[in-house]
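Below: the structure, in structure tokens.
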Amino acid sequence: MKLNPKNILVIKLKQPGDVLVSAPVLAALKEAWPHSRVSYLVPKGTEEMIADHPLLDRVYAADRRDAPLNHTFSFLRELRRAKFDLVLELSGGDRGAFCARVTGAQTRLGFAYGGRAFWHRFCFTRLLPPPPLRLHLVEHNLEMVRALGVKPRNPGLQFFWKPEVDTRIQELLAAHSLSPKRFALMHPGAGWRFKCWTPEGYARVIEFLHNTKNLPVVLTGSKAAHEQELAAAVLKECRVRPINLVGRLTLKELGALIARARLFFGADSAPMHLAAAVGTPAVALFGPSGDFNWGPWGQGHLVIKKDWDCLPCGRDGCEGSKMSRCLIELSAAEVLEKMAEWGMINKR
């Protein structure tokens, strides 16, 4: 039966970076069915990754799992009343599956991952084979669209913000005497500490960019305690002063600032994906996670990692330590050598 959906829901109950790398699904759906409504269901706190997209009709933000029951029931009733006719569940978890079932949509697609609760399969009208393991998450998500007979074209990442965000960033640049494409942005943190490099390593790169390449460095980070601690350690270790904007930017402002930077430097994180989405060359350090899944999407980026047989292991640190030797033992000299070979840093 040929589909002609009028009201589509995409479910992505994951981290901010996951939400962003699913954006090509939205573009593909709108290209196939330009007159349909497309909504997204994402976790509260990740809305900025997809909000303001010109092709998006609505964002639903799911509360945390410990939200009051009356809030949860009200939210589920809202999903039901929306009368979706097509649901794509891209998260793979039980919560997303349950939300898909609650919508009552005539067509509900998910991936048939192993290890799910027995009732999981009853939430869908069609379960698809899981995509290959060594497939980038952009392509992974698009496999569900292809299963509908849609052939996505140019699946690039995109990130949008309102004009007032540009005004705020222009004011910040002026306050710090920065010009577009004449500075580097470093975001040392990530959602998990085991993905992060050492304070000493980050400090040496800041010094290199400042002293050798004459590039001022803007240091950013979230308000999470582990990111604040890491940024403080980087500042303590560094022999030059980066511009410290840690904890001072929204995700929209961070994306707009990255768009004006010459290059982005950081770990496997949501800001790394922001760099890919706004077209800024990214230098990304990888450890336990596979860059074939999570590397910066598109051309012109540099992934640096140890050439160890155990990588990627997918673990949250070595031997339960929450620290990854593949990153701790990655020296600043190794990183700077790779950056010199890359050559992108010299382009203006």
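Only the coordinates and a few stated rules stand behind these numbers; no lab work does. Note that this is a predicted model, so its numbers are computed, not measured. Here the Cβ positions follow ideal geometry from the backbone for every residue, glycine too, while neighbour counts run over all protein chains shown.
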### Gain in span if fully extended, N4 to D63, counting 0.36 nm per residue against the direct Cα distance
18.2 nm
#### Entry: Quotient of C-alpha Rg and 2.2 N^0.38 Å, computed over the chain
1.03
### Message
If I fit a long axis through the Cα atoms of helix 23-32 and take the longest principal axis of the Cα atoms of the chain, what angle between them do I get, 0 to 90°, rounded to 10?
### Response
40 degrees
## Note on the structure
Helix 251-260: inclination vs the chain longest Cα principal axis, degrees, rounded to 10, gives 50 degrees
### Query
Which whole-Hz ³J(HN,Hα) couplings does segment 39-48 yield from phi under the Karplus relation 6.51 cos²θ - 1.76 cosθ + 1.60, θ = phi - 60°, glycine and proline marked x?
10, 10, 10, 9, x, 4, x, 10, 4, 4
### Message
Compute, for the chain, the length of the dipole vector about the Cα centre, with Cβ point charges of +1 (Lys, Arg) and -1 (Asp, Glu) only. Units Debye, rounded to 20.
### Response
920 debye
## Note on the structure
Length gained, A233-E341, 0.36 nm per residue minus C-alpha separation, equals 36.1 nm
### Task
Ratio to report: Rg/Rh of segment 1-158, with Cα atoms as the point set and Rh obtained by the Kirkwood method; give two decimals.
0.93
### Sorted by Cβ neighbour density within 10 Å, fewest at the top, the residues L142, L90, L127
L127, L142, L90
### Task
Report, in debye and to the nearest 20, how large the dipole of segment 222-342 comes out about its Cα centre when Lys and Arg carry +1 and Asp and Glu carry -1 on their Cβ.
560 debye
### Query
Of T103, T280, T125, which has the largest mean-square fluctuation in a 10 Å C-alpha GNM of the chain?
T125
### Query
Separation between the A175 and H226 pseudo-spin-labels, each 7 Å from Cα along Cα→Cβ, expressed in nm?
2.9 nm
### Query
Long-range amide H contacts for Y60: which residues qualify at under 5 Å (H placed 1.01 Å from N, peptide plane, sequence gap of 5 or more or a different chain)?
Y40, L41, V42
### Query
Angle between the Cα long axis of helix 137-146 and the longest principal axis of the chain, 0 to 90 degrees, nearest 10?
20 degrees
### Task
Determine, for R239, R260, the number of other Cβ atoms within 10 Å of each Cβ, and report the residues in order from fewest to most.
R239, R260
## Note on the structure
Assertion target for D268, D18, D94, ordered by fewest C-beta neighbours within 10 angstrom first, is D94, D18, D268
